[in-house]
Amino acid sequence: MEISQKKTIIEVKDISYKYASDLVLEHVSFNVPDGAFLALVGPNGSGKSTLLKLILGLLKLQSGTISLFGKDIRMFKDWDQVGFVSQKANSFNSGFPASVFEVVQSGLAKKIGLFSLPKKEHRDKVLDALRSVGMLGFKDRNIGELSGGQQQRVFIARALVSEPKLLILDEPTVGVDSKHVHEFYELLGELNKKSGITLVLVTHDVGTVTDKVSHVACLNKRLHFHGGAEEYQSMDEKQLSLMYGTGIQLLSHNH
């Protein structure tokens with residue numbers, strides 16, 4: 001289903017996927033246009049993680065096709081254009097001996113080279129990335145000393161430091177204090193609007209990001225809805241329950 005005339009960043013066509021005999025994705029198709037902020041929602045076990053792994057090239061396609069920036073994923077090589085932030089704040093080793101600056105700089109490892117020293121241009125990129133997420137003042141702190149929300153900001157900076165055009169986030173607020181969740185999504189909204197970076201966010205907090213996302217995709221093995229956030233918001237609980245076969249929190253602008 002096409003939802004914009006803009007350049008397509010992600011194109012998923014007729015994807016199905018099985019683990020042994022367990023079908024987890026069934027004929028899923030959708031596009032993500034340039035500059036979109038897409039919330040991917042669905043109950044646990046709905047296939048969201050499998051879909052992300054396919055888009056990131058971590059799983060091999062079984063049927064259908066995926067294109068990134070107009071190129072078949074099987075031929076896609078320019079992974080610097082794609083940033084990824086996982087649920088790291090929930091499982092990060094607080095004793096890891098690295099500064100915030102070093103963690104972000106590790107996102108430039110490929111560009112710096114295995115046996116080369118960072119140059120001024122690399123340092124400047126790290127500082128710019130930290131500045132963009134409001135963490136410049138923490139650059140010399142040990143990553144393990146930060147709160148979950150602060151760590152996730154650092155991980156976003158690490159993903160941004162290579163200047164990707166697409167940023168994928170897999171439930172990034174897991175392990176983040178609830179009072180900082182709204183602030184975290186404010187940051188994502190600002191990054192999307194100011195830098196024009198395309199965002200794909202897997203989340204259960206869809207009510208919190210209503211006024212930030214441009215599109216919503218509802219996945220439960222099949223794609224039950226894909227369209228604008230306002231259109232999704234206009235659906236009632238009965239319609240959503242029919243799609244999911246279970247209850248789901250309605251989108252709300254109240255925080």
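Read-outs: derived from the displayed coordinates by stated rules, not from any lab. Please read all numbers here as calculations on a predicted model, not as lab measurements. Note that each Cβ is placed from the backbone with ideal geometry, even for glycine, and that neighbours are counted across all protein chains shown.
Which of rounded, prolate, oblate describes segment 135-188, given a ≥ b ≥ c as roots of the alpha-carbon gyration tensor eigenvalues and a/c under 1.5 marking rounded, otherwise prolate only if a/b is larger than b/c? Because a/c hits 1.5 or more and a/b fails to exceed b/c, segment 135-188 counts as oblate.
What FRET efficiency would be calculated for the residue pair K7, A109, taking the C-beta separation as r and a Förster radius of 41 Å, to the nearest 0.05? Could you put the intermediate results ahead of the total?
Numbers: r = 29 Å, r/R0 = 0.71.
About 0.90, to the nearest 0.05.
A crude spin-label estimate for the pair S99 and K53, with each label 7 Å from Cα along the Cβ direction, gives 3.7 nm. Pairs with C-alpha atoms separated by more than 18 Å, drawn from the list K18/K165; K48/K77; K71/K110; K13/K60; K77/K193, are K18/K165; K48/K77; K71/K110; K77/K193.
Using helices alone, I'd like the mean residue ellipticity at 222 nm for the chain: each DSSP H run of four-plus residues gives -39500 (n - 2.57), total over residue count, nearest 500.
Rounded to the nearest 500, the figure is -8500 deg cm²/dmol.
Normalised by 2.2 N^0.38 Å, with N the number of residues, the alpha-carbon radius of gyration of segment 148-227 equals 1.10.
The distance between label points at K18 and V174 comes to 2.7 nm (points 7 Å beyond Cα on the Cα→Cβ vector). At 20 °C and a viscosity of 1.002 mPa s, what translational diffusion coefficient does Stokes-Einstein give for segment 20-71, taking Rh as the Kirkwood radius over Cα pairs? Give it in µm²/s as a whole number. For these conditions, the coefficient is 171 µm²/s. The fraction of all Cα pairs in the chain landing in successive 10 Å bins from 0 to the largest distance is 7, 30, 35, 22, 6, 0, given as whole percents.
Just check segment 69-216 against the gyration tensor rule for me: Cα atoms, a ≥ b ≥ c as the square roots of the eigenvalues, rounded for a/c under 1.5, and otherwise prolate or oblate depending on whether a/b exceeds b/c.
Oblate.
Compared with the alpha-carbon gap, the fully stretched path from E145 to E231 is longer by 26.8 nm at 0.36 nm per residue. Think of each Lys and Arg Cβ as +1 and each Asp and Glu Cβ as -1; about the Cα centre, that makes the dipole of the chain roughly 860 debye.
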